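Below: the structure, in structure tokens.
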Amino acid sequence: MKKKTKFYALLLVMVLSLTQLAGMAVPVKAAETKTCSHGRTLSGDFGIILHECADGICVMCYHGHSKRVVIPDKFTIYGYTLPVWQVYGDYGFSENGVKEIVLPDTVFGVGDKEFDSYEGITFYVHKGSDAEKAVKQEGYTYKYLNNTSKPQPVKGTTIKRTIRIQNLAKITWKKVKCDKYEIRYSQKKNMKNAKKVNCGKNKTSLVIKKLKKNRKYYVQIRTKSGKKYSAWSKVKVISKR
Ligand SMILES: [Zn+2]
Ligand SMILES: [Zn+2]
């Protein structure tokens, strides 16, 4: 490279890094930035640093006293809120008796087996996540988090048939596993002033009495399991007679 070109290239690099530094420095409020004993930015119980490419966070150390440590999926550093990309550096984890580290799905790099022992620690990851790949790759002990946090919706049922005979109507529905069925019927399709009837889990039909002559009715069903209800079924018409 020619001397002059080299000089301009160097100048460009300097200007670029200066603007980057200036850009980073603007939101900093010195009073809010605490540093841990390892020289990392302290956020809660965690010592964190900005990842090399400045778009993510590396969690470097732990200063709390929990046996089970849940790593957040984001931190705010220098005024920027960024996702956690790496958990790197076994400082304060195994030495302070941490037994479990729960990793967020945002993590794609975990430790370095040569330097970070994470001795006696089990990582918890979601099956199929980048965090799983990362702990697997380094050979750390890990288990899957089960998805009990997501409540399963209660399975509903559908009305199979409605038969109208004078002031009576017979409703039949599909049997599903539940604790009970709740049926409601009304003269209005929007179920205004609906009457409700409960049926035991072994029933699959109901006879509704005292319907008004020459009036159309609408009926819906839902199931109840434990304290939870399913969504209401589609509205079925009870024809007039
Ligand atoms: Zn630290
Ligand atoms: Zn990094």
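The values are calculated or read from the model by the stated rules, or taken from the named source; none is laboratory data. Just so you know, these numbers come straight off a predicted model, no measurement behind them. Here the Cβ is made from the backbone with ideal geometry for all residues, glycine too, and neighbour counts use every protein chain on show. To get the accessible areas, we keep the full protein, side chains included, count just its heavy atoms, and leave off ligands, DNA and RNA. Shrake-Rupley method; radii C 1.70, N 1.55, O 1.52, S 1.80 Å.
Which one of these is open to solvent by 90 Å² or more (accessible area, probe 1.4 Å) and aliphatic (A, V, I, L, M): Ile183, Ile165?
Ile165
Could you give every pair whose Cβ atoms fall below 7 Å, whose first residue belongs to segment 71-95 and is at positive phi, and whose second residue is open to solvent by less than 40 Å² (accessible area, probe 1.4 Å) and within 16 Å of ligand 2 (Cβ to nearest atom), counting only separations of at least 6 or pairs across chains?
The qualifying pairs are Gly89/Met60; Gly89/Cys61; Gly89/Asp116; Gly92/Cys61.
All but one of (1) within 13 Å of Gln86 (Cα to Cα); (2) within 12 Å of ligand 1 (Cβ to nearest atom) hold for Thr41; state the number of the condition that does not hold.
Result: Thr41 passes all but (1).
Run Gly128 past the list (1) within 30 Å of Thr223 (Cβ to Cβ); (2) part of a loop (DSSP other than H, G, I, E, B) and report the number of the one that doesn't hold.
Failing condition for Gly128: (1).
Conditions (1) more than 16 Å from ligand 2 (Cβ to nearest atom); (2) open to solvent by less than 50 Å² (accessible area, probe 1.4 Å); (3) free of Cβ contacts under 8 Å to residues at least 24 places away in the same chain, marked per residue:
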position	(1), (2), (3)
Gly109	no, yes, no
Gly128	yes, no, yes
Lys133	yes, no, no
Tyr144	yes, no, yes
Gly156	yes, yes, no
Ala169	yes, yes, no
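Across segment 46-58, what is the number of residues that are in contact with a strand residue (DSSP E or B) (Cβ under 8 Å, 6 or more places away or on another chain) and either more than 10 Å from ligand 2 (Cβ to nearest atom) or on the phi > 0 side of the Ramachandran plot (or both)? Spell out how you get there, then give the answer.
So the first thing to find is which residues in segment 46-58 are in contact with a strand residue (DSSP E or B) (Cβ under 8 Å, 6 or more places away or on another chain), and the list is 46-51, 55-58.
Now narrow it down to the ones that are either more than 10 Å from ligand 2 (Cβ to nearest atom) or on the phi > 0 side of the Ramachandran plot (or both): 46-48, 55.
Here the count works out to 4.
Does Phe115 fit the bill of being aromatic (Phe, Trp, Tyr), over 30 Å from Tyr218 (Cβ atoms) and surrounded by fewer than 17 Cβ atoms within 10 Å (Cβ to Cβ)? Let's see the steps before the verdict.
Details: aromatic (Phe, Trp, Tyr): yes; over 30 Å from Tyr218 (Cβ atoms): yes; surrounded by fewer than 17 Cβ atoms within 10 Å (Cβ to Cβ): yes.
Answer is yes for this residue.
Against the definition (assigned by TED's automatic domain parsing to the domain that holds Ile49, out of contact with any helix residue (DSSP H, G or I) (no Cβ under 7 Å at 6 or more places or on another chain) and closer than 19 Å to Thr41 by Cβ), how does Asp90 come out, yes or no?
Yes; evaluated as a whole, the condition is true for this residue.
Pick from Lys155, Lys240, Lys192: which is under 34 Å from the mean Cα position of the chain (by Cα), part of a loop (DSSP other than H, G, I, E, B) and basic (Lys, Arg)? Explain how you work it out, then say what you get.
Values: Lys240 fails: under 34 Å from the mean Cα position of the chain (by Cα); Lys192 fails: under 34 Å from the mean Cα position of the chain (by Cα).
From the options Lys155, Lys240, Lys192, the qualifying one is Lys155.
Go through Gly79, Gly89 for me and flag whichever is modelled with pLDDT under 95 and either polar (S, T, N, Q) or crowded, with 20+ Cβ neighbours inside 10 Å (or both).
Values: Gly79 fails: either polar (S, T, N, Q) or crowded, with 20+ Cβ neighbours inside 10 Å (or both).
Exactly one of Gly79, Gly89 is modelled with pLDDT under 95 and either polar (S, T, N, Q) or crowded, with 20+ Cβ neighbours inside 10 Å (or both), namely Gly89.
Report, ordered by the first and then the second residue, all pairs with beta carbons closer than 9 Å, sequence separation of six or more or different chains, a first member in segment 176-202 that is of a type in the set (Gly, Ala, Ser), and a second member that is open to solvent by 40 Å² or more (accessible area, probe 1.4 Å).
Close Cβ pairs satisfying both conditions: Ser186/Lys192; Ser186/Asn193; Ser186/Lys195; Ala194/Arg184; Ala194/Lys188; Gly200/Asp179; Gly200/Lys180.
Among the residues of segment 208-237, how many are open to solvent by 40 Å² or more (accessible area, probe 1.4 Å) and either closer than 17 Å to Lys160 by Cα or part of a loop (DSSP other than H, G, I, E, B) (or both)?
The total comes to 15.
Which one is farthest from ligand 1 (Cβ to nearest atom) among residues in segment 72-107 that are under 18 Å from Ser37 (Cβ atoms) and part of a loop (DSSP other than H, G, I, E, B)?
Once the filter is applied, the top-ranked residue is Gly97.
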